[in-house]
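Let me begin by presenting the structure, written as structure tokens, before commenting on it.
The values are calculated or read from the model by the stated rules, or taken from the named source; none is laboratory data. Source: prediction; values computed, not measured. Cβ atoms come from the backbone with ideal geometry, glycine included; neighbour counts cover every protein chain shown.
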Amino acid sequence: MSESAEKIYAAAAEQLRKSFAKPSRSNLDLIDRFARWGEDLINPISELYDAEMLVPQLIELMVARHKERDEKLQQRDRARILEPDWFQKPDCIGYVAYLDLFSKDLAGLNEKISYVKALGATYMHLLPILEPRPGNSDGGYAVKSYRALRADFGTMQDLRNTADKLHEAGISLTLDLVLNHVAFEHEWAQKAKAGDKKYRDYFYIYPDREIPDQFEQTLPEVFPDFAPGNFTWDDEVNGWVWTTFNAFQWDVNWSNPNVFAEYCDVIANLANHGVDCLRLDAIAFTWKRMGTNCQNLPEVHALTQALRTFSRILSPALIFKAEAIVGPAQVGAYLGEGERAGKVSDLAYHNSLMVQIWSAIAAGDTGLLELAMSRFQAIPNSTAWGTYLRCHDDIGWAIDDSDAHRVGLNGHEHRMFLADYYTGKFFGSDARGVDFQVEAHSGERRTSGSGASLAGIEAAIEDKDPDHLRLAINRFMIGYAMVFGFGGIPLLYMGDEIGLLNDHSYEADPSKAEDNRWIHRPAMPWKVADAAAAGKDPDSVATQIRRRVSSLISARKGLQSLHAGVATKVRAGHGQGVAIFERLHPAGNLIQVYNLSNQPRWVATDELSGLWGRVHEHVFDFDFELNDGFTLAPYESRWLTKN
Ligand code: GLC
């Protein structure tokens, strides 16, 4: 620490001590945590803001929120300090859902916790539930208030109660923290509109096009179809407002220390309602600098470290998950590199793995997957990936040009191929996705669609061909097997456990119709889900998939070598289309083999890192004698350990 940081640290420690008349256990715990982590708070704050001014304000806030933190949550803090790797463990399984589509509201969720628990999930991400703007709210990502829930979901007190119920069932609660922007109906924006200078400075507002035009030269567009450009004229503030996403989502100005302090309070309030993990929505965009694409700037990591440390001291039960849908070279910084290693987010989405799984399936080839995975640096061993096959968003075909080039492909053509393949335009493809956001100059586009529809299950059902259906289900399940086998929290997207297909009903809702991501956001058909959970109608698609998801979950829970503290090494097997995941762990090496092609493939024993003789397959649960090798049927996989 610099000399001035030392001084601020000492003053803050003193301020903290003086804030408590009696040295209760929980007060002493807070003081100890500040002693342990205060440096990680003050350093990044000194990089970004006037720390001498801001830190005392934050300590005051911390004390106030600490006093409000209830005993149950303080107990949870202690438990998590004793088990800091809770989210890295093989038994940590994620489930992601829109509350309204899953259970209507929180009261409904309380009734459905048993479903989540029976599935084996231990981590539940409720997509945005805070009060959104009315009408189109980008699925709740345009937040009107961070201090209330969407009115029909329940109250903040209901949230606290549901968190308790989830905790009792062994399930952690994740919520979104949308921190790049607020809805223009948010109080801060309203005050800015009313002419309040303090709140005008919460946003980026320019009187004319001069500065916006300069920024635009290097800014990409996120939603070119329905929200072109990055700035929107607003009559009330009489200026151009920075709006990276939709016109109704105003980017907040993180270079303003008041904004930082506001979000510390928002985080504390959510933590005190029992939230265990915050998904930092669109975190990559939170810092702006002229001449850059205003994504992944170093200050983003400084401010994440500061927020993370603030909440770590106040509420150590809470962790952060970075939603940074960025390339291999940039994503590592979200888990911490250099002096920030292990000090920023605890979790980050593994977007590349998701894209590479779909890409390998379409191409029937794993060379690019292996190369792209080799691009990843080691991540801090206290962090983990969130792995996924589908989520509520579209798939952007993030194939790196130079990676493609090195395996003899052209990046642009491969991205076009994937978009064609997954919308069924490519000859022989049975995928049923739809185009999302076409880039005018290149023709490149992203893809929406449910996992099952992308994997060909929808087409196979229409075909009424049992062989086709079997193949499509296997294709879908091999994707999930890789997601569950990689290490880190596998995030099961609601409905994928029963293979839900595309749902076109959003087209009739004017607040959703123009955004086809709603095609893969269906409501939960409870009759089907409950029947599948009970194993009824064993030949139905839903029951078959549910059974196979359950096998993956129970296999995973029993394998210590899937702890996220150890990294997966990805190798492409010699047989085209075969991928091998090696997890070398003192608890026993786990070798996973995947055939991502639609042809049978031979896997030779000498590719299996010394595995031979009697081996056990964990997902399908059988033993066999490994001699020279074995054949994998199309889309078949094996998770093997020495018996
Ligand atoms: C994230 C969300 C996405 C939303 C965007 C803007 O990327 O996942 O659904 O549109 O942020 O908040």
Turns out the strands (runs of 3 or more DSSP E) fully within the range 379-472 with at least 1 residues that are modelled with pLDDT of 95 or more and closer than 24 Å to residue 634 by Cα are 384-388
In the range 515-553, the residues that are touching a His at 6+ places or on another chain (Cβ under 7 Å) and either at pLDDT below 95 or of a type in the set (Val, Ile, Thr) (or both)
519
For the range 207-224, state whether one or more residues are surrounded by 19 or more Cβ atoms within 10 Å (Cβ to Cβ) and within 27 Å of residue 123 (Cβ to Cβ).
no
On the given criteria, is residue 236 part of a loop (DSSP other than H, G, I, E, B), more than 16 Å from the ligand (Cβ to nearest atom), farther than 22 Å from residue 436 by Cβ and at pLDDT 95 or above?
yes
For residue 150, state whether it is within 13 Å of the ligand (Cβ to nearest atom), among the basic types (Lys, Arg) and in contact with an Asp or Glu (Cβ under 6 Å, 6 or more places away or on another chain).
no
Give the residues of the range 216-225 that are touching a strand residue (DSSP E or B) at 6+ places or on another chain (Cβ under 8 Å) and either of a type in the set (Phe, Trp, Tyr) or more than 16 Å from the ligand (Cβ to nearest atom) (or both), sorted by residue number.
216, 223
With respect to residue 243, determine if the residue is under 16 Å from residue 49 (Cα atoms), within 16 Å of the ligand (Cβ to nearest atom) and of a type in the set (S, T, N, Q).
no
Please report, ordered by residue number, the strands (runs of 3 or more DSSP E) entirely within the range 115-233 with at least 3 residues that are within 21 Å of residue 254 (Cβ to Cβ) and in contact (Cβ under 8 Å) with a residue 40 or more places away in the chain.
143-149, 172-178, 181-183
Among strands (runs of 3 or more DSSP E) entirely inside the range 536-643, those with 3 or more residues being under 30 Å from the mean Cα position of the chain (by Cα) are 569-572, 578-583, 590-595, 637-642
Matching residues in the range 248-294 (in a helix (DSSP H, G or I), within 16 Å of the ligand (Cβ to nearest atom) and among the hydrophobic types (A, V, I, L, M, F, W, C)) number 4
Between a residue in the range 418-447 that is β-branched (Val, Ile, Thr) and any residue that is in a loop (DSSP other than H, G, I, E, B), which pairs come within a Cβ distance under 7 Å, given they are 6 or more apart or on different chains?
423/431; 423/433; 434/423; 434/449; 438/225; 447/394; 447/423; 447/433
Which of the helices (runs of 4 or more DSSP H) contained wholly in the range 4-106 include at least 2 residues that are loosely packed, with under 14 Cβ neighbours inside 10 Å?
25-48, 51-68, 71-82
Hey, can you tell me all the residues within the range 305-342 that are within 16 Å of the ligand (Cβ to nearest atom) and either more than 21 Å from residue 178 (Cβ to Cβ) or touching a Leu at 6+ places or on another chain (Cβ under 7 Å) (or both)?
320, 321, 322, 323, 327
Of all residues in the range 163-191, which are more than 14 Å from the ligand (Cβ to nearest atom) and within 22 Å of the chain's Cα centre (by Cα)?
163, 166, 167, 170, 171, 172, 173
Matching residues in the range 333-390 (within 18 Å of residue 406 (Cα to Cα) and touching a Pro at 6+ places or on another chain (Cβ under 6 Å)) number 3
Suppose we filter the range 369-395 for residues that are more than 24 Å from residue 450 (Cα to Cα) and either surrounded by 24 or more Cβ atoms within 10 Å (Cβ to Cβ) or within 16 Å of the ligand (Cβ to nearest atom) (or both); how many remain?
3
